[in-house]
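Heads up: the structure comes next, in structure tokens.
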Amino acid sequence: VQLQASGGGLVQPGGSLRLSCAASGIIFNFNDMGWYRQAPGKQRELVADISHFGRVNYVDSVKGRFTISRDNTKNTVTLQMNSLKPEDTAVYYCNAVLKPFSRWGQGTLVTVSS
């Protein structure tokens, strides 16, 4: 099982980034997919998730700015992040859930700073 996250980097406040997670070794269509983040000194938190049938959910702090989507033909989940703020700085992790299993990617660093 591999969840390969990419797309992180340094961006100025107000900018945009697009994170992608490529999954292999799982039956992607059956998995609920999510993006989590962990800022220095803080607990990991859910940012957004998308169920296997396409229902989406966002943490309040990113509503209207982030969009999660999935492509079941390419086994990928993406997180489009717009209007980024310094408080969005964190390591972002891809997650795949097919109960009772929960799998994590290696994380990609997003830094929002001028």
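The values are calculated or read from the model by the stated rules, or taken from the named source; none is laboratory data. Since we're looking at a predicted model, the values are computed, not measured. Cβ coordinates were reconstructed from backbone atoms using ideal geometry, including for glycine residues, and neighbour counts include every protein chain displayed. Side chains included, ligands, DNA and RNA excluded: accessible areas come from the protein's heavy atoms. Shrake-Rupley method; radii C 1.70, N 1.55, O 1.52, S 1.80 Å.
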Query raised in the report: Rounded to the nearest whole Å², what accessible area per residue is found for the chain with the 1.4 Å probe?
Result: 54 Å²
Requested in this report: Would you mind telling me which residue in Gly25, Gly41, Gly64 has the biggest mean-square fluctuation in a Gaussian network model of the chain, where springs connect alpha carbons within a distance under 10 angstrom?
Outcome: Gly41
Report summary line: Expressed as a percent, the accessible surface of the range 18-114 that is carbon or sulfur, using a 1.4 Å probe and the full set of protein chains, is 52 percent
Report summary line: Cβ-Cβ cut-off under 12 Å around Ile26, Lys and Arg +1, Asp and Glu -1: the net charge is 0
Report summary line: The lysines whose Cα lies under 22 Å from the Cα of Lys42, excluding any fewer than 8 residues away in the same chain, are Lys63, Lys85
Query raised in the report: Beyond 17 Å, what percent of the Cα pairs of the range 1-112 remain?
Result: 48 percent
